[in-house]
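These notes concern the structure reproduced below.
The values are calculated or read from the model by the stated rules, or taken from the named source; none is laboratory data. From a predicted model like this one, the values you see are computed outputs, not experimental measurements. Every residue, glycine as well, gets a Cβ built from its backbone with ideal geometry; the counts of neighbours run over all protein chains shown.
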Ligand SMILES: [Zn+2]
């Protein structure tokens with residue numbers, strides 16, 4: 001171990017102080033918010049001033065002094081609120097009517113991971129422009145395009161939401177695909193879209209692979225195949241993920257699979273189709289998150305039958321009545337002409353409205369609860385001192401009309417302005433190097 005002499009240590013300290021003195025002071029911005037929405041409390045606070053220093057919120061209140069030299073942003077005609085969260089998306093997957101007939105098995109055959117990573121970067125900016133400052137990205141991203149996106153954003157190469165990514169979805173052999181033997185055995189055409197884990201050893205190894213390659217949450221296919229996971233196997237996933245402080249999200253499509261996931265104490269159940277009144281009661285009792293991914297009717301090219309939509313809305317309503325912890329989640333991983341990815345995701349407010357859920361609760365699902373399911377609520381979310389400065393602004397009051405969220409005019413991410421007066425202004429986010437640090441993995 002290197003030992004510094006007292007003199008050398010003093011010189012080093014003096015040098016450190018000199019270098020620190022040369023660092024430019026963090027930029028200070030003061031935002032005048034006409035209405036500040038507190039989603040946790042379901043209330044509007046009029047005429048607030050938010051002081052942002054560097055990437056964090058420093059002060060908030062009606063009588064805050066604007067520091068001299070601060071850049072002032074006037075949002076006094078707007079509602080300012082925390083950024084939105086889509087708790088289930090796949091930014092490096094965009095299946096399309098052409099050429100793959102909306103079948104993502106063919107997307108994966110047609111598009112390289114490299115192309116999909118670039119799509120993800122574009123989709124991320126489209127999400128941010130619509131007001132989504134956090135996206136939980138749950139797999140189907142080729143060979144870790146999701147990790148690449150998160151690292152690129154976190155290291156400071158380009159703008160994007162905070163990404164909580166799963167890496168490759170882990171499942172029993174074949175994942176969610178049903179390929180013929182030739183494709184699997186001769187051409188390996190399932191991988192890397194899914195990671196097979198059919199035994200306890202393989203479960204441990206698959207979790208470790210995803211942790212090594214940059215996952216922030218572990219996503220499993222609970223019951224995509226008749227050989228789905230038992231409650232004990234899911235517990236093994238949970239134990240192994242917990243070593244890295246990670247939670248397990250389970251894709252669930254059958255009541256039996258849901259029961260196993262609930263018994264195991266999984267963190268979140270993805271997709272609400274298999275959940276019924278009894279399962280909702282069990283989820284509420286255990287505090288298990290519900291990311292229902294409710295698809296609205298009327299999306300061009302993605303028809304939902306009237307019967308299916310009635311079931312979707314009834315399921316959401318039942319979850320709400322049972323006080324299940326619920327998040328706004330879309331699974332909107334496809335292309336609808338004329339819509340950005342972010343605009344598409346906001347169409348998913350419709351089932352929440354049709355379920356008769358009060359606007360204040362919809363707003364909690366798309367903000368507060370999203371931060372909690374993403375497990376980042378200690379650092380991001382509330383517009384309070386010490387939290388990262390992620391906030392959006394829009395005309396109107398979403399407590400009166402939740403569709404006001406479709407008109408986000410201003411977006412700040414990590415203290416930098418990404419959108420202003422309805423126009424993306426991302427220049428401050430682009431860098432030719434990893435300005436936040438290459439060690440961010
Ligand atoms: Zn999904």
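Filter segment 305-325 down to residues that are surrounded by fewer than 18 Cβ atoms within 10 Å (Cβ to Cβ) and within 16 Å of the ligand (Cβ to nearest atom), then give me how many there are.
So the answer is 0.
Return the residues of segment 128-141 that are within 30 Å of residue 387 (Cβ to Cβ) and within 15 Å of the ligand (Cβ to nearest atom); say none if nothing qualifies.
The answer is 135, 136, 137, 138, 139, 141.
Answer yes or no as to whether residue 292 is within 16 Å of the ligand (Cβ to nearest atom), within 20 Å of residue 312 (Cβ to Cβ) and touching a residue at least 40 places away in the same chain (Cβ under 8 Å).
When the stated conditions are applied, residue 292 does not pass them.
Residues of segment 109-124 being in contact with a strand residue (DSSP E or B) (Cβ under 9 Å, 6 or more places away or on another chain) and within 16 Å of the ligand (Cβ to nearest atom), which ones?
Passing the criteria: 120, 123.
Between 389, 374, 393, which is surrounded by 14 or more Cβ atoms within 10 Å (Cβ to Cβ), touching a residue at least 24 places away in the same chain (Cβ under 8 Å), under 21 Å from the mean Cα position of the chain (by Cα) and more than 24 Å from residue 34 (Cβ to Cβ)?
It is 374.
Only one of 300, 282 is away from the ligand (no atom under 16 Å from the Cβ) and free of Cβ contacts under 8 Å to residues at least 24 places away in the same chain; which?
Exactly one of 300, 282 is away from the ligand (no atom under 16 Å from the Cβ) and free of Cβ contacts under 8 Å to residues at least 24 places away in the same chain, namely 282.
Determine whether segment 126-137 contains at least one residue that is assigned to a loop (DSSP other than H, G, I, E, B), in contact with a helix residue (DSSP H, G or I) (Cβ under 7 Å, 6 or more places away or on another chain) and in contact (Cβ under 8 Å) with a residue 60 or more places away in the chain.
Checked against the condition, which is being assigned to a loop (DSSP other than H, G, I, E, B), in contact with a helix residue (DSSP H, G or I) (Cβ under 7 Å, 6 or more places away or on another chain) and in contact (Cβ under 8 Å) with a residue 60 or more places away in the chain, segment 126-137 yields at least one hit.
Please work out if residue 361 is away from the ligand (no atom under 16 Å from the Cβ) and assigned to a helix (DSSP H, G or I).
yes
Can you find even one residue in segment 274-296 that is farther than 26 Å from residue 233 by Cα and surrounded by fewer than 24 Cβ atoms within 10 Å (Cβ to Cβ)? If you could, list the steps in order and put the result at the bottom.
Let us first name the residues in segment 274-296 that are farther than 26 Å from residue 233 by Cα, namely 294-296.
Filter once more, keeping what is surrounded by fewer than 24 Cβ atoms within 10 Å (Cβ to Cβ): 295-296.
Yes, segment 274-296 has at least one match.
Looking at (1) assigned to a strand (DSSP E or B); (2) out of contact with any helix residue (DSSP H, G or I) (no Cβ under 9 Å at 6 or more places or on another chain), find the lone condition where residue 154 falls short.
For residue 154, the exception is condition (1).
Is it fair to say residue 354 is within 16 Å of the ligand (Cβ to nearest atom) and buried (at least 17 other Cβ atoms within 10 Å of the Cβ)?
no
Only one of (1) more than 15 Å from the chain's Cα centre (by Cα); (2) under 20 Å from residue 414 (Cα atoms) fails for residue 94. Which number is that?
(2)
Output the residues belonging to segment 71-106 that are surrounded by fewer than 24 Cβ atoms within 10 Å (Cβ to Cβ) and without any contact (Cβ under 8 Å) to a residue 60 or more places away in the chain.
71, 72, 74, 76, 98, 99, 100, 101, 103, 106
Hey, can you tell me all the residues within segment 190-207 that are in contact (Cβ under 8 Å) with a residue 24 or more places away in the chain and outside any helix (DSSP H, G or I)? Lay out the reasoning, then the answer.
Start the filter on segment 190-207 by keeping residues that are in contact (Cβ under 8 Å) with a residue 24 or more places away in the chain, which leaves 192-198, 200, 203-204, 206-207.
Of everything in segment 190-207, those that are in contact (Cβ under 8 Å) with a residue 24 or more places away in the chain and outside any helix (DSSP H, G or I) turn out to be 192, 193, 194, 195, 196, 197, 198.
Kindly indicate which of 328, 335 is closer than 30 Å to residue 121 by Cα, within 16 Å of the ligand (Cβ to nearest atom) and out of contact with any helix residue (DSSP H, G or I) (no Cβ under 8 Å at 6 or more places or on another chain).
335
How many of the residues in segment 24-75 are over 17 Å from residue 390 (Cα atoms), in a strand (DSSP E or B) and touching a helix residue (DSSP H, G or I) at 6+ places or on another chain (Cβ under 8 Å)?
0
State whether one or more residues within segment 202-219 are out of contact with any helix residue (DSSP H, G or I) (no Cβ under 9 Å at 6 or more places or on another chain), at pLDDT 95 or above and within 30 Å of residue 310 (Cα to Cα).
Scanning segment 202-219, I find no residue that is out of contact with any helix residue (DSSP H, G or I) (no Cβ under 9 Å at 6 or more places or on another chain), at pLDDT 95 or above and within 30 Å of residue 310 (Cα to Cα), so the answer is no.
Across segment 82-100, what is the total count of residues that are modelled with pLDDT under 95, within 17 Å of residue 300 (Cβ to Cβ) and either in a loop (DSSP other than H, G, I, E, B) or more than 16 Å from the ligand (Cβ to nearest atom) (or both)?
Adding up the residues that qualify gives 4.
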